[in-house]
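Here's the structure, in structure tokens; my notes come after.
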Amino acid sequence: MQQRKQEKQIVRWWYQPKLALPLWPLAPLSGLFTCIAAFRRGLYKIRLKRRTKVAIPVVVVGNVTVGGTGKTPTVMGLVRLLQAAGYRPGIVSRGYGGEGPFPQRVDHNSSPLQVGDEPKLLAELTGVPVVVAPKRVTAAQLLESTGEVDIILADDGLQHYALDRDIEIAVVDGERGLGNGWRLPVGPLRESRRRLRTTNWVIVNGGQTATIEGLKLKRAEQAVPMTLAAIGWRRVSDGAEIDVPDGESVLAIAGIGNPERFFNFVMEHGIDIQETRVFSDHHAYSAQDFYDVSNEVPILMTEKDAIKCRSFARPHWYYLQVSAQFPDTFEEQFLRAVQQASEKISATQQQGVNA
């Protein structure tokens, strides 16, 4: 419990406009982190470290900050968009929090403890092939070898430079932005904010104008406002659709990068939250976490939390389904970029055959 409070306090400091005084002693470590990250990326730039290219287009979806920004719903939204256009997408992920063995294909028998909570969620909700491995090149090669997919989405792979990519999409939390602008551990940044300027698009989850303007991107069309629309509430234990608890006080829990977003979303829908509980991102839930909660108290949670609570969920536990909504202009531009990437790969392969 004390560790969670410390983690929450550090995140609050990260997202203050300026560097908080208690973090000043860690500033030299931030400089060291910056140098190491730049050196590592430089090795790929000068080709001392090799990038591996697979024979189908790769779209990387990631971020430059730690914690939740909305990557998972973004990936699911892109999967639906690609499927509607006739593509057969698959997903590769690191499998953060999973114990392996790796590489591993995620299926209905996979446990979040083995493959990670987000890959399990992506596999269940999209129905497309999902392969997890810390080395995403291995996962991508395995997925490509099945012949089931003609495009790969790499979840949270922006900094995984070993896997070559055709399209890069970064996701930014529209409410919190990039925080104090410092690198880890005194700020939330994995890479410089300038890194965003090199991506194809920056999706702003929440679409706040102030956040978009603050990114200072090269082109106005590079920033894409995204909203999350509620699809409805479902029971955790069996996924059945339910009515939102009306007039009842609830316990709301969240083990995600930005739990306040979920709590605010619940309150905006007129639900009275009696208590909130925040767990660490990727928390491995157990029944013991709820030993002091009455069976009669409704518990509301995210889809990501529900995946890990299903086996011991009580009847009054519910989760909220959401769907990413993109502007039409972005959808058109994205599909055009995918088509161009496919044509480029086909042309390169044909040249190899004719050589």
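Within region 192-199, is even one residue part of a helix (DSSP H, G or I), closer than 30 Å to LEU19 by Cβ, touching a strand residue (DSSP E or B) at 6+ places or on another chain (Cβ under 6 Å) and among the aliphatic types (A, V, I, L, M)? Yes, region 192-199 contains at least one residue that is part of a helix (DSSP H, G or I), closer than 30 Å to LEU19 by Cβ, touching a strand residue (DSSP E or B) at 6+ places or on another chain (Cβ under 6 Å) and among the aliphatic types (A, V, I, L, M). Every condition in (1) surrounded by fewer than 18 Cβ atoms within 10 Å (Cβ to Cβ); (2) under 25 Å from LEU189 (Cα atoms); (3) not polar (S, T, N, Q) holds for GLY100 except the one numbered (2).
The number of residues in region 302-351 that are modelled with pLDDT of 90 or more, open to solvent by 40 Å² or more (accessible area, probe 1.4 Å) and outside any loop (DSSP other than H, G, I, E, B) comes to 15. One residue stands out in region 273-287 among those that are open to solvent by 60 Å² or more (accessible area, probe 1.4 Å) and of a type in the set (S, T, N, Q): the one that is farthest from LEU121 (Cα to Cα), namely GLN274. The number of residues in region 278-297 being in contact (Cβ under 8 Å) with a residue 60 or more places away in the chain and in contact with a strand residue (DSSP E or B) (Cβ under 8 Å, 6 or more places away or on another chain) comes to 2. Kindly indicate whether any position in region 71-78 is part of a helix (DSSP H, G or I), buried (at least 18 other Cβ atoms within 10 Å of the Cβ), among the small types (Gly, Ala, Ser) and modelled with pLDDT of 95 or more. Taking every residue of region 71-78 in turn, at least one turns out to be part of a helix (DSSP H, G or I), buried (at least 18 other Cβ atoms within 10 Å of the Cβ), among the small types (Gly, Ala, Ser) and modelled with pLDDT of 95 or more.
A quick yes/no check of all residues on (1) more than 15 Å from GLU303 (Cα to Cα); (2) within 25 Å of the chain's Cα centre (by Cα); (3) open to solvent by less than 50 Å² (accessible area, probe 1.4 Å); (4) β-branched (Val, Ile, Thr):
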residue	(1), (2), (3), (4)
SER249	yes, no, yes, no
ILE253	no, yes, yes, yes
GLY257	no, yes, yes, no
ILE271	yes, no, yes, yes
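Residues of region 115-137 that are out of contact with any helix residue (DSSP H, G or I) (no Cβ under 9 Å at 6 or more places or on another chain) and crowded, with 18+ Cβ neighbours inside 10 Å: GLY116, ARG136, VAL137. Applying the condition of being at pLDDT 95 or above and over 17 Å from the mean Cα position of the chain (by Cα) to region 163-181 and asking which residue is surrounded by the fewest Cβ atoms within 10 Å (Cβ to Cβ) yields ASP164. Highlighted here are the strands (runs of 3 or more DSSP E) found entirely within region 94-191 that include at least 1 residues which are touching a strand residue (DSSP E or B) at 6+ places or on another chain (Cβ under 6 Å), under 30 Å from SER311 (Cα atoms) and free of Cβ contacts under 8 Å to residues at least 60 places away in the same chain: 130-132.
Restricting to region 245-265, name every residue that is modelled with pLDDT of 85 or more, part of a loop (DSSP other than H, G, I, E, B) and over 20 Å from LEU189 (Cα atoms). Selection gives GLY255 alone. Against the definition (at pLDDT 90 or above and open to solvent by less than 60 Å² (accessible area, probe 1.4 Å)), how does TYR291 come out, yes or no? Criteria not met by TYR291.
One residue is enough: does region 234-248 have a residue meeting the conditions within 24 Å of VAL171 (Cβ to Cβ) and without any contact (Cβ under 8 Å) to a residue 12 or more places away in the chain? So far as region 234-248 goes, no, none of its residues is within 24 Å of VAL171 (Cβ to Cβ) and without any contact (Cβ under 8 Å) to a residue 12 or more places away in the chain.
Would you point out the residue of region 182-217, among those that are of a type in the set (Gly, Ala, Ser) and either within 26 Å of LEU29 (Cβ to Cβ) or open to solvent by less than 60 Å² (accessible area, probe 1.4 Å) (or both), that is nearest to the chain's Cα centre (by Cα)? The residue in question is GLY206.
Restricted to region 1-53, and to residues there that are in contact (Cβ under 8 Å) with a residue 60 or more places away in the chain, open to solvent by 80 Å² or more (accessible area, probe 1.4 Å) and not in a helix (DSSP H, G or I), the residue that is nearest to GLY255 (Cα to Cα) is PRO17.
Just one of the listed residues (THR227, THR211) is in a strand (DSSP E or B), out of contact with any Pro (no Cβ under 9 Å at 6 or more places or on another chain) and more than 23 Å from PRO315 (Cα to Cα), and it is THR227.
The values are calculated or read from the model by the stated rules, or taken from the named source; none is laboratory data. Note that the structure is predicted; figures quoted are calculated from it, not measured. A quick note on method: Cβ atoms are made from the backbone with ideal geometry, for glycine too, and the neighbour counts reach across all protein chains shown. Note: areas computed on protein heavy atoms with side chains; ligands, DNA, RNA excluded. Shrake-Rupley method; radii C 1.70, N 1.55, O 1.52, S 1.80 Å.
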